[in-house]
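The values are calculated or read from the model by the stated rules, or taken from the named source; none is laboratory data. Bear in mind that the values here come from a model prediction, so they are computed numbers and not experimental data. Note that each Cβ is placed from the backbone with ideal geometry, even for glycine, and that neighbours are counted across all protein chains shown.
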Amino acid sequence: MLETFMRSMLLALARGKLPNRLAKRYGLRLGAGRFVAGVTIREAIETVRELNRQGKLATLDYLGEFVGSAEEAAHTAGMCLSTLSAIAASDVRANLSLKLTSLGLDVEEALCLAHMRDILREAERHGLFVRIDMEDFSHCERTIRIYKTLRREFAHVGIAIQAYLYRSLEDVRDLETLGANLRLVKGAYKESAEVAFPRKADVDAQFLELIRMHLSSGCYTAVATHDPRIVDAAMAFIAETSIPGDRYEFQMLFGIGEELQQRLTEAGCKVRVYVPFGADWFGYFMRRLAERPANVWFVVKNLFRRRDAA
Ligand SMILES: Cc1cc2nc3c(=O)[nH]c(=O)nc-3n(C[C@H](O)[C@H](O)[C@H](O)COP(=O)(O)OP(=O)(O)OC[C@H]3O[C@@H](n4cnc5c(N)ncnc54)[C@H](O)[C@@H]3O)c2cc1C
């Protein structure tokens with residue numbers, strides 16, 4: 001009960017413009033550095049270098065929330081292009097993840113599509129892959145529509161699909177006809193029971209069903225979770241059905257599930273870490289706290305540590 005309340009509160013804070021603005025002004029405090037690689041591209045590349053040294057791949061995400069104008073969308077698109085150039089110039093093993101709202105999806109769909117085409121052309125030039133994150137349900141239909149348009153033009157673009165949505169089984173079947181490279185996740189936003197399974201057990205069951213279905217389709221599958229039960233079930237299915245190693249990878253978020261990342265890397269699996277960076281870190285940070293309200297104690301402890309130090 002308390003946990004549900006706390007989760008709703010944290011997800012509401014994630015969407016609040018004022019808390020986001022304040023957080024931006026006061027910098028990466030409250031322990032957000034555990035989940036966010038820094039504010040600049042340089043800091044993000046250093047983090048990727050360290051992950052590469054540990055045998056892991058990365059996907060870089062420039063955090064941009066509440067993009068409400070064409071200028072802000074152009075700024076994010078520019079940062080995505082710079083991130084691709086920085087990955088290529090530093091020769092790290094990474095690709096790019098992005099959110100369509102940060103490229104102006106809520107301003108104008110055609111503008112967002114144009115930015116995506118620029119980004120994909122630049123990625124193609126460097127031989128890099130780009131993944132579209134999935135946001136809340138109100139953006140799902142448009143995100144899939146844009147992805148399908150882009151997938152017909154470019155090979156090196158993928159999308160994330162959320163297991164908690166009832167519609168996802170149909171979406172995955174449909175996307176498989178395009179040979180889609182999918183990142184499968186449980187889903188991180190607060191959605192109503194009209195569109196998403198309210199019970200965790202149902203989400204987990206559909207998650208496993210989607211993983212098995214997409215792995216069997218011959219398309220590339222990124223299993224993105226820190227849940228060891230799901231990882232073990234996916235591994236068992238992969239072994240049983242002899243899915244080749246170049247058809248799948250595991251993905252986890254920076255700062256979470258490090259032991260599991262290590263176990264999979266040592267077992268010879270491809271592990272990719274999602275590395276967010278940028279000044280707009282607050283919404284991302286709140287979604288991570290909401291997934292595990294115990295993390296809030298980590299923030300509180302951090303606050304006191306800062307006060308001791310001051
Ligand atoms: C690489 C990657 C990309 C993602 N992209 C998207 C996306 O595009 N759209 C979207 O909606 N969601 C995305 N997510 C988030 C996802 O939907 C889940 O909210 C998140 O992964 C938590 O669910 P879980 O699968 O880890 O399972 P859970 O059952 O939530 O957690 C399993 C275990 O993992 C650990 N854990 C999970 N979360 C945390 C945390 N925040 N802090 C500390 N420990 C934790 C705990 O030990 C927990 O018991 C992404 C996740 C990953 C890993």
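Go through the range 150-169 and give me each residue that's hydroxyl-bearing (Ser, Thr, Tyr) and surrounded by fewer than 18 Cβ atoms within 10 Å (Cβ to Cβ). Walk me through it before giving the result.
Of all residues in the range 150-169, those hydroxyl-bearing (Ser, Thr, Tyr) come to 164, 166, 168.
166, the sole residue that qualifies.
If a residue has to be surrounded by fewer than 18 Cβ atoms within 10 Å (Cβ to Cβ), in a helix (DSSP H, G or I) and in contact with a Ser or Thr (Cβ under 9 Å, 6 or more places away or on another chain) to count, how many in the range 195-207 make the cut?
Count: 0.
Considering only the range 177-189, state which residues are more than 10 Å from the ligand (Cβ to nearest atom) and either surrounded by 16 or more Cβ atoms within 10 Å (Cβ to Cβ) or in a strand (DSSP E or B) (or both). Steps first, answer last, please.
The initial filter retains those residues of the range 177-189 that are more than 10 Å from the ligand (Cβ to nearest atom), namely 177-182.
Selection gives 180, 181, 182.
Being of a type outside the set (Val, Ile, Thr), at pLDDT 95 or above and under 18 Å from residue 181 (Cα atoms): is that true of residue 141 here?
Answer is yes for this residue.
Which pairs turn up if I take residues in the range 34-63 that are buried (at least 20 other Cβ atoms within 10 Å of the Cβ) and look for partners that are at pLDDT below 95 and among the acidic types (Asp, Glu) with beta carbon separation below 8 Å, at least 6 apart in sequence or on another chain?
Short answer, once both residue conditions are applied: 63/280.
From the residues in the range 208-259 that are in contact (Cβ under 8 Å) with a residue 60 or more places away in the chain and of a type outside the set (Phe, Trp, Tyr), which one is surrounded by the most Cβ atoms within 10 Å (Cβ to Cβ)?
Restricting attention to the range 208-259, the residues satisfying the condition of being in contact (Cβ under 8 Å) with a residue 60 or more places away in the chain are 220, 222, 224, 249, 251, 253-256.
Narrowing further to those that are of a type outside the set (Phe, Trp, Tyr): 222, 224, 249, 251, 253, 255-256.
Details: 222: 21, 224: 21, 249: 18, 251: 24, 253: 21, 255: 19, 256: 17.
The residue in question is 251.
Restricting attention to the range 261-271, does a residue exist that is at positive phi, modelled with pLDDT of 95 or more and among the small types (Gly, Ala, Ser)?
Let us first name the residues in the range 261-271 that are at positive phi, namely 268.
With the extra rule that they be modelled with pLDDT of 95 or more, the set shrinks to 268.
In the following step, the residues that additionally are among the small types (Gly, Ala, Ser) were identified as 268.
Within the range 261-271 (the criterion being at positive phi, modelled with pLDDT of 95 or more and among the small types (Gly, Ala, Ser)), the answer is yes, since at least one residue qualifies.
With the structure loaded, tell me whether residue 174 is more than 26 Å from residue 249 (Cβ to Cβ), part of a helix (DSSP H, G or I) and either within 16 Å of the ligand (Cβ to nearest atom) or not polar (S, T, N, Q) (or both) or whether it fails that test. Talk me through it step by step, then tell me what you get.
Working: more than 26 Å from residue 249 (Cβ to Cβ): no; part of a helix (DSSP H, G or I): yes; either within 16 Å of the ligand (Cβ to nearest atom) or not polar (S, T, N, Q) (or both): yes.
Here the answer is no, as residue 174 does not meet what is asked.
If residue 282 passes every condition in (1) within 12 Å of the ligand (Cβ to nearest atom); (2) modelled with pLDDT under 95; (3) in contact with a Pro (Cβ under 8 Å, 6 or more places away or on another chain) but one, which one does it miss?
Of (1) within 12 Å of the ligand (Cβ to nearest atom); (2) modelled with pLDDT under 95; (3) in contact with a Pro (Cβ under 8 Å, 6 or more places away or on another chain), only one is false for residue 282: (1).
Using the structure shown, decide if residue 85 is more than 21 Å from residue 226 (Cα to Cα) and touching a helix residue (DSSP H, G or I) at 6+ places or on another chain (Cβ under 9 Å). Talk me through it step by step, then tell me what you get.
Numbers: more than 21 Å from residue 226 (Cα to Cα): yes; touching a helix residue (DSSP H, G or I) at 6+ places or on another chain (Cβ under 9 Å): yes.
Taking the combined requirement at face value, the residue satisfies it.
Restricting attention to the range 213-254, report how many residues are outside any helix (DSSP H, G or I), within 15 Å of the ligand (Cβ to nearest atom) and not β-branched (Val, Ile, Thr). It would help to see each step written out before you state the result.
Our first condition is that a residue be outside any helix (DSSP H, G or I); within the range 213-254, this holds for 217-227, 241-244, 248-254.
Narrowing the set further to residues that are within 15 Å of the ligand (Cβ to nearest atom) leaves 220-227, 248-254.
From what is left, the residues that are not β-branched (Val, Ile, Thr) are 220, 222, 224, 226-227, 248-254.
Residues in the range 213-254 being outside any helix (DSSP H, G or I), within 15 Å of the ligand (Cβ to nearest atom) and not β-branched (Val, Ile, Thr): 12 in total.
How many residues does the range 153-210 contain that are of a type in the set (D, E, K, R) and closer than 22 Å to residue 271 by Cα? Before you say what the answer is, go through the steps one by one.
Step one: list which residues in the range 153-210 are of a type in the set (D, E, K, R), which gives 153, 167, 170-171, 173-174, 176, 183, 186, 190-191, 194, 199-200, 202, 204, 209.
Remaining after also requiring closer than 22 Å to residue 271 by Cα: 183, 186, 204, 209.
The number of residues fulfilling the criteria is 4.
Output the number of the condition that residue 77 fails; it satisfies all remaining conditions of (1) buried (at least 16 other Cβ atoms within 10 Å of the Cβ); (2) over 23 Å from residue 270 (Cβ atoms); (3) out of contact with any Asp or Glu (no Cβ under 8 Å at 6 or more places or on another chain).
Every listed condition holds for residue 77 apart from (3).
Which condition number in (1) among the hydroxyl-bearing types (Ser, Thr, Tyr); (2) part of a loop (DSSP other than H, G, I, E, B); (3) within 14 Å of the ligand (Cβ to nearest atom) is the one that residue 192 fails?
Of everything listed in (1) among the hydroxyl-bearing types (Ser, Thr, Tyr); (2) part of a loop (DSSP other than H, G, I, E, B); (3) within 14 Å of the ligand (Cβ to nearest atom), residue 192 misses just condition (3).
Mind checking which residues of the range 124-169 are part of a loop (DSSP other than H, G, I, E, B), within 16 Å of the ligand (Cβ to nearest atom) and without any contact (Cβ under 8 Å) to a residue 60 or more places away in the chain?
Of all residues in the range 124-169, those part of a loop (DSSP other than H, G, I, E, B) come to 127-129, 133-136, 154-156, 163-164, 166-167.
Right, trim to within 16 Å of the ligand (Cβ to nearest atom) and you get 129, 133-136, 163-164, 166-167.
Answer for the range 124-169, where residues must be part of a loop (DSSP other than H, G, I, E, B), within 16 Å of the ligand (Cβ to nearest atom) and without any contact (Cβ under 8 Å) to a residue 60 or more places away in the chain: 129, 134, 135, 136, 163, 164, 166, 167.
Report the residue count in the range 36-75 for those that are in contact with a helix residue (DSSP H, G or I) (Cβ under 8 Å, 6 or more places away or on another chain), in a loop (DSSP other than H, G, I, E, B) and either at pLDDT below 95 or among the hydroxyl-bearing types (Ser, Thr, Tyr) (or both).
The qualifying residues number 8.
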